[in-house]
Amino acid sequence: MDDLYREVIIDRYQNPRFRGELDPHDYSYQDDNPVCGDHVRIDLRVDESETVTEAKFSGDGCSISQASADLLVEKITGMKLEDVRKLGKADILEMLGIELGPVRLKCALLSLKVLKGGVYGLDDVMTLDELAAS
């Protein structure tokens, strides 16, 4: 089963479905993983009912960080912001479907940190260490 998930990660890294930027956007945030240099930006468009109507990510980094961003953006499209705000580490790990060591976990969680930075605002964002420990 791990091989299947590894194939999904490589495919999403090489052929992302949601790469790009939205201009204009309603929410946008970007950040880096200082340990490895991965960079992710996520842009969202939200309608009057607070539903994510379109989402894109951009950035560069390892296969885990970029595949995680692509999968996360796909997952949140069509979701209410209140539900997006409830997403956590377990959701990312379920999407990726493989066990990750501490360093790779932070790569996977970067997109979640960026997403939360956008929908909550900078002051409410957990660090990658805090997300990994949650």
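Only residues that are of a type outside the set (A, V, I, L, M) and either within 13 Å of Leu109 (Cα to Cα) or without any contact (Cβ under 8 Å) to a residue 40 or more places away in the chain (or both): list them for the range 15-29, please. Please lay out each step first, then the result.
Narrowing the range 15-29 to residues of a type outside the set (A, V, I, L, M): 15-21, 23-29.
Result: Asn15, Gly20, Glu21, Asp23, Pro24, His25, Asp26.
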When restricted to Glu94, Glu99, the only residue surrounded by fewer than 23 Cβ atoms within 10 Å (Cβ to Cβ), at pLDDT 90 or above and closer than 25 Å to Ile10 by Cα is Glu94
Options Glu82, Glu54: the member that is at pLDDT 95 or above, of a type in the set (Asp, Glu) and surrounded by 16 or more Cβ atoms within 10 Å (Cβ to Cβ)
Glu54
For the range 85-134, which positions are closer than 19 Å to Arg41 by Cα and among the small types (Gly, Ala, Ser)?
Gly88, Ala108, Ser111, Gly117, Gly118, Gly121
Residue under evaluation Ala108, criteria (1) surrounded by fewer than 18 Cβ atoms within 10 Å (Cβ to Cβ); (2) in contact (Cβ under 8 Å) with a residue 40 or more places away in the chain, criterion not met:
(1)
Scanning the range 45-72 residue by residue, the ones that are in a helix (DSSP H, G or I) and without any contact (Cβ under 8 Å) to a residue 12 or more places away in the chain total 0
Which numbered condition trips up Lys75, out of (1) outside any helix (DSSP H, G or I); (2) surrounded by 15 or more Cβ atoms within 10 Å (Cβ to Cβ)?
(1)
Here are the criteria: (1) closer than 16 Å to Phe18 by Cα; (2) surrounded by fewer than 14 Cβ atoms within 10 Å (Cβ to Cβ); (3) more than 14 Å from the chain's Cα centre (by Cα). Tell me which single one Arg45 does not satisfy.
(2)
Consider Asp31 against the criteria (1) touching an Asp or Glu at 6+ places or on another chain (Cβ under 9 Å); (2) closer than 18 Å to Ala132 by Cβ; (3) crowded, with 20+ Cβ neighbours inside 10 Å: it satisfies all of them except one. Which criterion is unmet?
(1)
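Which members of the range 16-33 meet the condition of being under 16 Å from the mean Cα position of the chain (by Cα) and assigned to a loop (DSSP other than H, G, I, E, B)?
Keep residues of the range 16-33 that are under 16 Å from the mean Cα position of the chain (by Cα), which gives 16-22, 27-33.
Residues satisfying the conditions are Pro16, Arg17, Phe18, Gly20, Glu21, Leu22, Asn33.
The values are calculated or read from the model by the stated rules, or taken from the named source; none is laboratory data. No experiment lies behind these values; they were computed from the predicted model shown. Quick reminder, even Gly has a Cβ in these numbers, built from the backbone with ideal geometry, and neighbours come from all protein chains shown.
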